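First the structure, in the form of structure tokens, and then the observations on it.
Bear in mind that the values in this text are calculations on the coordinates, not laboratory data. Note that the structure is predicted; figures quoted are calculated from it, not measured. Cβ placement follows ideal geometry from the backbone for every residue including glycine, while neighbour counts extend to all protein chains displayed.
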Amino acid sequence: MTKRLTFMFVPDSTGIARQVSLPAWLVWGALAFVFIIVFTTVFLTAEFFSGQVNEAELARLQQENQDLARKYEQMRWDLAEANSRYQELVQKEIAIRTMFDLPEINLEERQLGVGGPSLPIPENVSTTEKVAYATGAEVDRLLTLSRYELDKFTEVEQKLNNLQDRLRHTPSIKPTTGWLSRGFGKKYDPFTGYRQMHRGIDIANHTGTPIVATADGVVKSARRRGQLGKTVVIDHGYGFVTRYGHLSKYNVKVGQHVKRGDVIAFMGSTG
């Protein structure tokens with residue numbers, strides 16, 4: 001005899017109770033069918049949304065990859081530009097050294113050993129990581145060379161400053177206006193009738209004409225000196241000393257620092 005399951009439906013207190021008797025296999029089969037439908041619906045829904053999430057994540061990763069590719073390309077161009085600028089600096093430094101007769105730097109010293117083989121890149125890394133390794137190595141190389149070049153430019157700057165200082169202290173202009181009445185060298189002396197060494201130059205002009213320092217220096221003396229009369233002596237350093245004689249009036253004091261073109265005295269006929 002087939003086993004049956006009886007279901008009783010009792011509405012409210014005014015209704016009539018009803019009962020239904022169904023074969024057990026039919027009831028269990030219906031429940032199994034409903035369970036399968038619900039499970040399948042839930043599974044397919046989950047797969048659908050999972051696929052949507054994966055596609056969105058894939059799209060995001062692809063966009064990031066494209067952005068990284070663009071940034072790498074820009075970095076590659078920037079590195080090439082930086083390397084080009086560095087080479088220009090090297091050429092300018094070489095030209096400056098040649099122009100001012102400064103010691104040259106040999107190639108080995110300039111490269112500092114960074115031009116040799118780079119450190120090996122690990123094999124078990126991704127292509128992106130290999131690119132990062134190579135880019136980082138190039139950046140390190142340029143930084144090392146740039147620091148070295150900066151030090152050398154500082155050295156050149158110091159030497160140029162020293163040269164500029166020497167030039168400022170080198171007599172290089174006429175001390176006054178007028179005409180050259182007597183030059184440097186052996187000249188005929190009208191008082192003795194003999195040729196004598198004249199260790200200077202005579203410039204003629206009106207009394208009171210300003211006389212200027214021919215270079216930067218320090219006033220060592222401002223007094224009468226025999227046949228030179230009133231005389232100013234300036235020590236310019238680097239072995240240069242100038243004397244200005246036959247003055248009518250001083251315009252400086254001993255120990256005073258003067259610059260090229262400063263008025264130090266006025267022309268006269270003393271001595």
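Near the amide H of ILE264, within less than 5 Å, lie the amide hydrogens of ILE211, VAL212, ALA213, all on another chain or at least 5 residues away, with H placed in the peptide plane. The residues LYS259, LYS159, LYS253, when put in order of fewest to most other Cβ atoms within 10 Å, stand as LYS253, LYS259, LYS159. Students often forget the sequence filter, so: which lysines lie under 27 Å Cα-Cα from LYS152 once same-chain residues fewer than 8 apart are removed? The reachable lysines, counting only those whose Cα sits under 27 Å from LYS152, are LYS92.
For ASP216, the residues whose amide H sits under 5 Å from its own are HIS169, THR170, ARG260, ignoring neighbours fewer than 5 places away on the same chain, with H placed 1.01 Å from N. Taking a straight line from the alpha carbon of LYS186, these lysines sit under 22 Å away, with near neighbours fewer than eight places off in the same chain left out: LYS174. Taking amide hydrogens as placed 1.01 Å from N in the peptide plane, the amide H of ARG182 sits under 5 Å from those of ASP202, each at least 5 positions away in sequence or on another chain.
Taking 19 Å as the straight-line reach from the Cα of LYS253, the lysines in range (excluding those fewer than 8 positions away in the same chain) are LYS220, LYS230.
Here the Karplus curve 6.51 cos²θ - 1.76 cosθ + 1.60, taken at θ = phi - 60°, turns the phi angles of the range 155-170 into couplings of 5, 5, 4, 4, 5, 5, 4, 5, 5, 4, 4, 5, 5, 5, 9, 9 Hz, with x standing for Gly and Pro.
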